[in-house]
1. Roughly how large, in nm² to one decimal, is the mean projection of the convex hull of the alpha-carbon atoms in segment 174-250?
2. What does the convex hull of the Cα atoms of segment 75-179 come to per residue, in Å³, rounded to a whole number?
3. Grab the Cα-Cα distance for residue 11 and residue 135, subtract it from 0.36 nm times how many residues apart they are, and report the gain in nm with one decimal.
4. Restricted to Cα positions, what overall size does segment 8-71 have along the principal axes? Three whole-Å values, descending.
5. Which peptide among 232-244, 26-38 comes first, and what is the full order, when sorted by highest mean count of other Cβ atoms within 10 Å?
6. How big is D for segment 160-211, in µm² s⁻¹ as a whole number, if Stokes-Einstein is applied with the Kirkwood radius of its Cα pairs at 10 °C and 1.306 mPa s?
7. Would you compute, from DSSP H runs of 4+ residues alone, the mean residue ellipticity of the chain at 222 nm, taking -39500 (n - 2.57) per run and dividing by the full residue count, rounded to the nearest 500?
8. Just from the alpha-carbon atoms, what are the Rg and Dmax of segment 107-251 in angstroms?
Amino acid sequence: MTSATTPVPTQREPELAGQTVIVIGGSAGIGFETARRARAEGADVILTGRNPDRLKQAAAELGAPRTAAFDANDAAALKRFFEDLPAPIDHVMVTAGGPTYGPLLEMDSAQVRQAISDHVVLGLEVARNAVGKTRPGGTLLLMGGTGGRRVGHGLGIASAATAMLPPFTAALALELAPVRVNPIAPGFVATPLTAEVAADPARSAALAARTMIGRNGEPDDFAGIAVFLASPASAYLTGQLICVDGGFSVT
Ligand SMILES: NC(=O)c1ccc[n+]([C@@H]2O[C@H](COP(=O)([O-])OP(=O)(O)OC[C@H]3O[C@@H](n4cnc5c(N)ncnc54)[C@H](OP(=O)(O)O)[C@@H]3O)[C@@H](O)[C@H]2O)c1
């Protein structure tokens, strides 16, 4: 028996060196943490968000050279943003927009239409504008949620709205190939979006207790996955939902 061992590399190249990562909704929460992780992996990040002050602060913290303040649901503003970007783009991540909760029967038809279509329309508009500028093998990353895996009091339309994301993104991946498209479905994550629940110890603990890991998500739990989905390590992965919820949706 030989005692020869394979040397373990102690240093590695940054995964996104010299690449451009655009985060639509990158001034807070999961998007901001992903931008931070992408920077650490050598990427140039471009951040967008609606609040210009928060955006400026986030960009200064990350050393992001470029920001743009606009509502991502404003199709004309989104188009202008992409038109003004230098090509090529490597990766686009969409973390803007949130779910709509509440009893179905209390929603009017306009609210239902909006809640059902919000994420899909935004994802499609981003894809439409990004596709001509994104290099082959580049990526589009969308955010979903785990609500589609079950129904529940309080979830309301959110279950139906998130359930459509896997087939939507798979169909988008088919049309955009060789650009890769994957959605992440997060469980509960403490971010500005969920500040009210996170600040309630009983609600927060009840959610954590339903995970297998025994805690709620942190933005960094998703940043690592998001960077992986943009990196060469995931080059053969497209059209797939990645559920990151500490096991919440299967308990
Ligand atoms: N946190 C969770 O527990 C959780 C669970 C499941 C799914 N998700 C999904 O994950 C994504 C990110 O969530 P998060 O918790 O990180 O949210 P967050 O903390 O509220 O951060 C959202 C970011 O997007 C920006 N943004 C929001 N709406 C926008 C719009 N219409 N146009 C442009 N920028 C916009 C926000 O800045 P401005 O407000 O200044 O625009 C902020 O930078 C969302 O799609 C959310 O639905 C989150």
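1. With the hull built on Cα positions only, its mean projection is 6.0 nm².
2. So the per-residue Cα hull volume is 94 Å³.
3. Length difference between fully extended and current span is 41.9 nm.
4. For segment 8-71, the Cα spread along each principal axis is 46, 19, 17 Å.
5. Details: 232-244: 15.4, 26-38: 26.5.
Most protected by this proxy first, the peptides run 26-38, 232-244.
6. Diffusion coefficient, whole number: 118 µm²/s.
7. Values: 9 runs with 98 residues, N = 251.
Computed ellipticity for the chain at 222 nm equals -12000 deg cm²/dmol.
8. 16.1, 48
Only the coordinates and a few stated rules stand behind these numbers; no lab work does. Bear in mind the structure is a predicted one, so any value in this text is a computation, not a measurement. Neighbour counts run over all protein chains shown; Cβ positions are idealised from the backbone, glycine included.
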